[in-house]
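**Q** I have a structure I would like to understand better, so I am pasting it below and will then ask my questions one at a time.
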Amino acid sequence: MKEKIYRSHVLICTGTGCVSSGSKNIKHELQDELADNNLLDEIKIVETGCHGFCEKGPIMIVYPEGVFYCQLKKEDVQEIVQEHLLKGRIVDRLLFKEPLTEESIPSYKDIDFYKKQHRIALANCGKIDPESIEEYIANNGYEAAGKALTEMTPAEIIEEVKSSGLRGRGGGGFPTGLKWEFAYKQDSDKKYVICNADEGDPGAFMDRSILEGDPHKIIEGMIICGYAIGADEGYVYVRAEYPLAIKRLQKAISNAEELGLLGDNIFSSGFNFKLNIKKGAGAFVCGEETALMASIEGKRGMPNPRPPYPAEKGLWGKPTNINNVESYANIPHIIAKGAEKFSSIGTENSKGTKVFALTGKIKNTGLVEVPMGTTLREVVFDIGGGLTEGKKFKAIQTGGPSGGCIPSNYLDLPIDYDSLLEVGAMMGSGGMVVMDDSTCMVDVARFFLSFTQSESCGKCTPCREGTKRMLEILNRICQGEGEQGDILLLEEFGHHIKETALCGLGQSAPNPVLSTIKYFKKEYESHIYDKRCPAGVCSELSAAFVINKEECVGCGQCVKVCPVDAVIRDKEENYSIDDNLCISCGACAQKCPVDAIKQG
């Protein structure tokens, strides 16, 4: 059957972020407009996965021109159809605007957010229909699996992955090829391949977006891994909170089975591979591989001591290989293009690219993929567009709740496994939270420790009790009840927990506390000895805010955002803040366009 030819393709992002901001309504409106103008046979609508620039969603791209429309509303669709699709005139007001010059930029490739990215894992995300196996195949999909199963031996595949320098993208950074080799060398009648898609870090959505935008790439990576280590069955362990990812993955598996790309005798190679989905209940600890396997087996998700490692004794006691979503997403590229091409990107000990979820006090939030060795400054200011509302950069937290906070003097640090560890942070799965000068670092440490403490499975005493004691100290400090010796006690607790906890969750839980003490110790001291929160976040330690009448322009924005009606306007239309009502939340200061509001 001949593929229908369209004069234009309209790509609409239907990743979770854009769907939540109304992209489905835009798609339906576009269908109606095309129908009303007899264009359904000329214009094809393609629902894609996440395009990455979440801050600017909903996103639409019109091809063949490649015009990038952003922050769309349902009401904008008619104008796009009438002006662009019928008359060929680009709708300037809906284009991305360069923040400094307000210049309209039609092509997304010319936007700074995309310029410094190098997409491998995200190559198809935002470009193809993730529910169409035909589109994946048209973009060289399953080419690598065909090559691996018909032209290469398992040992050759493993050697190629080892030569690529790919390290686990789930956080640990263990060499992927070496991990596969351990499982390959095990003699067993049954082996398993597992994809860890239990992405539980606050603010992280890398794996989710890949599954939603390019599920076949994960299937292909797992097929290659299964053939390489001698496994005939695999599991994708994905949290139930990812319904769209699960839906698209289920469809992808079904379509691959229909075409003989999953199941028996794939590519007539004699290799059989079955793939299952296991929904996780949302326990953060199940991201740890032994807890994850216990959950698949129907047991409570709790970690077990290692050795033995999963490669020796894993799922149901059989040799098992576990990698995360992004790790598998790199495999088809490595096999199809060769290890040398992949290893030419990055640094000496950190090859390839890394996907990050860029969030926090930054203009351009979203999903980015950059070469290893890219500096934090490039990510924050070139790709991220700098901080919001003229604020100053204070720190960046990498590695999720188990990571560390990196101060401004390390902005030129290259992003790779070793460099981040040297400054007390970690790569983690790819969460990256930017903080400005309105952030209290003690409160940040308390937030992340609160998360890991509540997610502790309770199996080992250092994590169960140690993190609880640390959290109690941090709560006291933020409430103005800090005591001399608290900082030293936090450090002692932190180091003991890191050395004695059973699994990675407990061993890394103290990192946010230890890193903030290392780089922001004065803030802790101010909380404890001066009974003052310099950022004005901890209400028990914050002075009321004051409006400088000479600088105030009388816009009234502070009145609108004050949650307790503490901002008062007199008869002369001068604004002031009632000390007795002010709760020092800082909302007025953040909203003030001329920076006329300060803490007293």
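**Q** Using +1 at the Cβ of each Lys and Arg and -1 at the Cβ of each Asp and Glu in segment 441-530, identify which of Gly480, Leu514, Cys503 lies farthest towards the dipole's positive end.
**A** Going by the charge dipole, the pick is Cys503.
**Q** Over segment 441-530, calculate the relative contact order: mean separation of alpha carbon pairs under 8 Å at least 6 apart, over the residue count, as a percent.
**A** Dividing the mean separation by the residue count of segment 441-530 yields 39 percent.
**Q** Place +1 on the Cβ of every Lys and Arg and -1 on the Cβ of every Asp and Glu in segment 502-600, take the dipole about the Cα centre, and give the residue among Tyr575, Pro534, Gln590 whose Cα lies farthest towards its positive end.
**A** It is Pro534, whose Cα lies furthest towards the positive end.
**Q** Now, a different point. Near the amide H of Gly431, under 5 Å away, which other amide H atoms are found, from residues 5 or more places off or on another chain, if H is placed in the peptide plane?
**A** Those lying under 5 Å, H to H, from Gly431 are Ala357, Gly399, Gly400.
**Q** How about Lys251: which aspartates and glutamates have a C-alpha closer than 19 Å to its C-alpha, ignoring those fewer than 8 places off in the same chain?
**A** Glu47, Asp129, Glu131, Glu134, Glu135, Asp207, Glu212, Asp214, Glu220, Glu233, Glu241, Asp264
**Q** Write down Rg/Rh for segment 436-556, rounded to two decimals, with Rg from the C-alpha atoms and Rh from the Kirkwood relation over Cα pairs.
**A** Radius of gyration relative to Kirkwood radius: 1.10.
**Q** Taking Lys518 as the anchor, which lysines have their alpha carbon closer than 19 Å to its alpha carbon, excluding any fewer than eight residues away along the same chain?
**A** Lys394, Lys498
**Q** Between Asp595 and His496, what is the FRET efficiency for a Förster distance of 51 Å, r being their Cβ-Cβ separation, to the nearest 0.05?
**A** That gives a FRET efficiency of 0.70.
**Q** Could you tell me whether segment 133-343 comes out rounded, prolate or oblate from its Cα gyration tensor? Rule is a ≥ b ≥ c as square roots of the eigenvalues, rounded for a/c under 1.5, then prolate if a/b exceeds b/c, otherwise oblate.
**A** It comes out rounded by the Cα gyration axes.
**Q** Segment 543-599: Rg/Rh from Cα coordinates, Kirkwood Rh?
**A** 0.90
**Q** Please compute the net charge surrounding Pro510, taking Lys and Arg as +1 and Asp and Glu as -1 over other residues with Cβ under 15 Å from its Cβ.
**A** Taking every other residue near Pro510 into account, the sum is -1.
**Q** Continuing with this model, one more query. Have a look at the DSSP beta bridges in the chain and tell me what percent are antiparallel, nearest 5.
**A** 60 percent
**Q** Another one. Assuming a ≥ b ≥ c are the square roots of the Cα gyration tensor eigenvalues, decide whether segment 297-403 counts as rounded (a/c under 1.5), prolate (otherwise, with a/b larger than b/c) or oblate.
**A** Cα axes put segment 297-403 in the oblate bin.
**Q** Defining a contact as two alpha carbons under 8 Å apart and six or more residues distant in sequence, what relative contact order in percent does segment 233-354 show?
**A** 16 percent
**Q** Related question: Could you tell me which of the pairs Lys391/Lys531; Lys217/Lys247; Lys116/Lys354 are separated by over 20 angstrom between their Cα atoms in the structure shown?
**A** Beyond 20 Å between Cα atoms: Lys391/Lys531.
**Q** What percent do you get for the relative contact order of segment 515-574 when only Cα pairs under 8 Å and 6+ apart count?
**A** 17 percent
**Q** Using amide H atoms built 1.01 Å from N in the peptide plane, name the residues 5+ places from Tyr235, or on other chains, whose amide H lies under 5 Å from its own.
**A** Sorted by chain and number, the residues that satisfy this are Val193, Ile194, Cys195, Asn276.
**Q** Assign unit charges at the C-beta atoms only (+1 for Lys and Arg, -1 for Asp and Glu), then state the dipole size of the chain relative to its Cα centre in Debye, rounded to the nearest 20.
**A** Around 820 debye, computed over the chain.
**Q** Skipping prolines and chain starts, which residues have an amide H placed within reach, meaning under 5 Å, of the one on Gly126, given they are 5 or more residues away or on another chain?
**A** Gly49, Cys50
**Q** A follow-up question, please. Rounded if a/c is under 1.5, else prolate if a/b is larger than b/c, else oblate: which is the chain, with a ≥ b ≥ c the root eigenvalues of its Cα gyration tensor?
**A** Judged from the Cα gyration tensor, the chain comes out oblate (a/c at least 1.5, b/c at or above a/b).
**Q** Let's see if you can work this out: charge +1 on each Lys and Arg Cβ, -1 on each Asp and Glu Cβ, no other charges. What is the dipole magnitude of segment 353-436 about its Cα centre, in debye to the nearest 20?
**A** Dipole size: approximately 340 debye.
**Q** Also, I was wondering about something else. Compare the Cα positions of Gly390, Thr150, Thr320 along the charge dipole of the chain (+1 at Cβ of Lys, Arg; -1 at Cβ of Asp, Glu; about the Cα centre) and return the one farthest towards the positive end.
**A** Thr320
**Q** What does a probe at Ser132 reach in segment 34-57, counting residues whose amide N is under 11 Å from the point 7 Å along Cα→Cβ?
**A** The answer is 44-48, whose backbone nitrogens lie closer than 11 Å to the label point.
Rule-based calculations on the coordinates, nothing more; no lab input. Computed from a predicted structure; not experimentally measured. No Cβ is skipped: glycine too gets one built from the backbone with ideal geometry, and neighbour counts run over all protein chains shown.
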